[in-house]
Amino acid sequence: MGNSEPDNNHDRDILNEFKIILNLINRICAIRETNHIMDIIISELISVTDSDQGVINLISSEDFRQLSTVVRVLDRNDNMIDRAIGDSVAGWVIKNKKLLFVEDLDNDERFRGLSSMNGIYQSVICSPMVVRGDMIGLITLVRNSAKNPYDMNHCRLVGIISSQTAQVLANAKLVEELAESNRLLEVSLSKLKDENVKLKSRVGIGSGFESIIGKSKPMKTVLSLTSKCSMNDSSVLITGETGTGKELIARAIHYNSDRKDKAFVVINCSIKTETLLESELFGHTRGAFTGAVKDKKGLFKEADGGTIFLDEIGDAPLSTQAAILRVIQNGEIKPLGSTRTEVVNVRVISATNKNLKEEIENKLFREDLYYRLATFHIELPPLRQRQSDIPLLINHYLKDLAIKLQREIFRVSPEALDVLLKYSWPGNIRQLENEMERIAVTCDPDGIIKPKDLSQEFFSSDQEFIDLEKGEGDLKKIVEEVERNVIKRALAKNRGNISKTSEELGLTRKGLTNKVNRYGIEIDFK
């Protein structure tokens, strides 16, 4: 009977320790961030062992000297554990691979020469954190001389907690390392994709003119002049409506010239303020203007030995035009804020959708710069003037999209092609490319592009349906052809709805049906 109470006390202590360990494990298992887990572990150990200070270190698997540390000091007025004591204690545990218990540091034969510093570091426990035989960390606890030294119960509890929390900590560390590796891989993959796009662009254009699609008479003229421009070093001005492919021609000139192994640099002259545009073109020195915190090399300097493409040159401010003229005449640039000039060897190709001669008359463009830029002048025709190229362009874009979208080859129905050929294409090739990309995503699974798949703008009331100047035969045939096309467009617009189409055309349902049958119009818009 006399021994029952101590036994009960011991059982209660064991149960209490079990509760402490279980609670701690549950808390840290819900957390993924390594430092947060370390903070909870060391804070809990300081509390349950009545320690004054505690340190938890994660050890690098590659170098034991690389430690990730979380320190906790119970009394914020106390200093953190002395470096010499911490290193000596950690070194002993790493060497011996077992828990260290120091009852009195001043009198411990293993650490001769170390002092408890007037009892601040009187008693010490340092326990290894081991996972599958590898030491991943250390837990160090310290009591000062105002308290009793640690005992074996403290050592047992610290040892158990070190062992049980080590795996959780190792898993969290692994998750963080994997997350960082994935992040770096994503960054690398993104860079590789960007570089791949740039290389494909350069290779595709640099190897010849095969990436420029067109066999119409206007395009043959353009390609012939482009080829001649590639054989010399003179300035080239490319004009044409927006979306006609001016940059594509500029790249073809560069990558088929003697400068093809040097840089091809592009800048849009319409999207910068005067100061920023000149900074981009010519560079600047530190302090040249607000925000110029360091020297910057301009694009003319980056293009040295190669070609610079000045897109939308018609929008460049007059002061910038003067500086560009100086580069073309003398090969000299002067960075903003600099007092000295630099010499560059750059071929200038420029482009605009404006009428520069009208801009000159309106005092918005320098005449002397115009003649310097336009040694060769290439005028790109709008898409509506090269109708025979439209099927070639459609086929080119749809082939690329089939590969990109992992689809079977796309086909355009005769009815849809008829609509596309008669459209005026105000946005030119860029509009055609965008329309094909949209259609490729939204068309039926069979890959056949029908009139119903086209944008509504293709069926606007002001769109010409037939070129009467090319009409042949008697008046009756011409009128029938016009009527047939009007009915086809109306049916396409209304997605084959006979009732809606007949109402719109002012016909009865039966009358429209008769005309559809007579003209052999297929209703395939559903």
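Rule-based calculations on the coordinates, nothing more; no lab input. Quick caveat: nothing in here was measured; it's all calculated off a predicted structure. Every residue, glycine among them, receives a Cβ derived from its backbone with ideal geometry; neighbour counts consider all protein chains shown.
Of note:
- The packing ranking of peptides 283-294, 361-372, highest mean first, is 361-372, 283-294, where packing means the average number of other beta carbon atoms within 10 angstrom of each residue.
- 20 Å Cα-Cα reach of K476 towards lysines, excluding residues that sit fewer than 8 places from it in its own chain: K488, K515
- One decimal place: the segment T242-R32 gains 70.3 nm when fully extended, by the rule 0.36 nm per residue minus the C-alpha distance.
- Shape of the range 269-352, Cα gyration tensor, a/c cut at 1.5: oblate
- Mean separation of Cα contacts under 8 Å (6+ apart) over length of the range 207-381, as relative contact order %: 32 percent
- For the range 207-381, DSSP calls about 20 percent of its internal beta bridges antiparallel.
- Protection proxy ranking of 375-384, 47-56, by the mean of other Cβ atoms within 10 Å over each peptide's residues and highest first, is 47-56, 375-384.
- Computed from Cα positions, the angle between helix 4-29 and the longest principal axis of the chain comes to roughly 20 degrees.
- The value given for the range 207-381 is a Kirkwood hydrodynamic radius of 16.6 Å, derived from the mean inverse Cα-Cα separation.
- Restraint check, K262/K334; K228/K404; K220/K452; K147/K173; K191/K297, Cα-Cα greater than 26 Å: K228/K404; K220/K452; K147/K173
- The angle separating the long axis of helix 428-442 from the principal Cα axis of greatest extent in the chain is about 60 degrees.
- Student exercise, the chain dipole from Lys, Arg, Asp, Glu Cβ charges, in Debye to nearest 20: 1960 debye
- Charge sum, other residues only, whose C-beta stays under 14 Å from G511's C-beta, Lys/Arg counted +1 and Asp/Glu -1: +1
- Rounded if a/c under 1.5, otherwise prolate or oblate - the range 217-317, Cα gyration tensor axes: oblate
- Beta bridge orientation in the chain: antiparallel %, DSSP, nearest 5: 60 percent
- Model label sites at K297 and S60, defined 7 Å from Cα along the beta-carbon direction, differ in position by 3.4 nm.
- Calculated Rg and Dmax of the Cα atoms in Å (choose from (1) 39.7, 129; (2) 24.3, 79; (3) 28.0, 96), label: (1)
- Overall, the ratio between the Cα radius of gyration of the range 386-461 and 2.2 N^0.38 Å, rounded to two decimals, is 1.01.
- Ordering of 486-492, 130-136 by packing [mean C-beta count within 10 Å, highest first]: 486-492, 130-136
- Computed over the chain: relative contact order in percent, which uses C-alpha pairs under 8 Å that are six or more apart: 10 percent
- The angle separating the long axis of helix 318-330 from the principal Cα axis of greatest extent in the chain is about 90 degrees.
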